[in-house]
Amino acid sequence: MTGLHGHCDPAFAPLRDELDTALGSDAETGVSLSVIVDDTVVVDLWGGVADPDSGRAWTEDTLVNTYSLTKTITATAALMLVDRGLLDLEAPVARYWPEFAAAGKEFVLVRHVLGHTSGVAGWQDRMTIDELLDVPAATARLATQAPWWPPGDGSGYHAICFGNLIGELIRRIDGRTLGAFIAEELAAPLGADFHLGSGPEIDERVAPMIPPPPSGVDYAALEPDSALVKALANPVIPPTLCTERRYLAAELGGMNGQSNARGIARLGRLISHGGTADGHRVLSPATIEKIFDVQADGVDRVLGAPLRFGLGFALPSPQAMPAVPGGRVCWWTGFGGSLVVNDLDRRMTFAYVMNRMDARLVGAPRSAGYLATAYRCVNR
């Protein structure tokens, strides 16, 4: 039961073999990988062990914390409101959320938030996990603080708070919480097994995360007021939190979506396939093209890596992720190595999630290797 299962088109056999080898060598513990090309699922593979403590196998419907891949679904939800004329990318956030204008944020635009250039990359004051999981209160705190740099002046990855900011915009405009909007407008219509703010019915399907080896970064030695510490480690979120009911119930639109590669790919193909999936028109091609409006291109203040951010997604960044080719391609990665890539030129979406985490925040070698192999297969 713990081997590799699922479907793989013969043209993608090298990708299946690479994944099978990784499972056999313990490079992977539990894994899910999906590739959609020209609206056809050419790879849908899963296998390994979901829970090493119990020996529970990773099955077709196993879910796992998708970390920052969640941001791509959150961004897609925001783009739906843009498409409907309800959210203006050039408008101040305060047009929809008046309290946000406090402390010099009246000039923060919607596109600044989607592009990680707002200057509101995290919480200024120390946060506990309990405070973070109280999403309305945590979100209200963001509205009171000053930006850390002039809005629009380069990026600083909104690692944890991205979902609070976008989610509040969606709630103010639509009335529904982010989790409810995604469930009703995206996941259910497209048959995607994706959950943000879940009930206990999914708990037995969730795979625990296996913490990464030490990264070599001593956060305690860093300046506590630095953007890196405040955005990435305020609060510190241990991987063991990811199966706790209180965490699964929260709607942290930047980091706690529960899904598998199949679910992420089903939603991602909206971007790579012109806004339509299974006969559902969700986004117009014109709105999708807005993703490629460059918001920042340089060394990110938080991640310390050279990145190009569009709207809600990263754009091809050879130094950060060499396996992502140039062209109309948007992507993002999650803590531990999960990855989604939407390639409009090749009408391809690639999605990978796992439970054995890598220490790298961007550019984990396993996911980069699988992506490079997938491109060799599709380009043949």
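No value in this document is a laboratory result; all are computed from the given coordinates. Values in this document were obtained by computation on a predicted structure and should not be read as measured data. Neighbour counts run over all protein chains shown; Cβ positions are idealised from the backbone, glycine included.
By the Stokes-Einstein formula, at 1.002 mPa s and 20 °C, the range 84-226 with its Kirkwood radius over alpha-carbon pairs has D equal to 126 µm²/s. Between the range 50-115 and the range 141-202, the C-alpha centres lie 4 angstrom from each other. I need the shape label for the range 261-380. Rule: rounded when a/c is under 1.5, else prolate if a/b > b/c, else oblate, with a, b, c from the alpha carbon gyration tensor. In terms of gyration-tensor shape, oblate. For the range 297-380, the relative contact order comes to 21 percent (Cα pairs under 8 Å, sequence separation of at least 6). Qualifying trypsin sites (Lys or Arg not before Pro) in the range 1-94, where qualification requires a DSSP coil assignment and no more than 16 other C-beta atoms within 10 Å, comprise Arg84. Between 0 and 90 degrees, the angle of helix 365-379 with respect to the longest Cα principal axis of the chain falls at about 70 degrees.
Where does the charge balance sit around Gln319 when Lys and Arg score +1, Asp and Glu -1, over other residues with C-beta under 15 Å from its C-beta? Local charge sum for Gln319: 0.
Loop-located trypsin sites (Lys or Arg not before Pro) in the range 91-162 (DSSP state not H, G, I, E or B) with no more than 15 neighbouring Cβ atoms inside 10 Å: Arg126.
For Asn379 and Ala103, a Förster radius of 41 Å and the Cβ-Cβ distance give a FRET efficiency of 0.25, rounded to the nearest 0.05. Note on Leu86 and Thr21: with the Förster distance fixed at 56 Å, the Cβ-Cβ geometry gives a FRET efficiency of about 0.70. Between the C-alpha center of the range 208-264 and that of the range 267-304 there is a gap of 24 Å.
Measuring spread by the Cα atoms of the chain yields a radius of gyration and Dmax of 19.2, 57 Å. In a reduced charge model with +1 at each Lys and Arg Cβ and -1 at each Asp and Glu Cβ, the chain shows a dipole moment near 580 debye about its Cα centre. Across all directions, the average projected area of the convex hull around the alpha carbons of the range 1-99 is 10.1 nm². Among the GluC sites (Glu not before Pro) in the range 1-90, those located in a DSSP loop and surrounded by at most 10 other Cβ atoms within 10 Å of their own Cβ are Glu90.
The shape of the range 169-299 comes out oblate: with a ≥ b ≥ c from the C-alpha gyration tensor, a/c is at least 1.5 while a/b does not beat b/c.
Distance between the pseudo-spin-label points of Ile129 and Asp297 (7 Å out from Cα toward the beta carbon): 4.1 nm.
Taking 0.36 nm per residue of separation and subtracting the Cα-Cα distance, full extension of the segment from Gln319 to Asp39 would add 97.8 nm.
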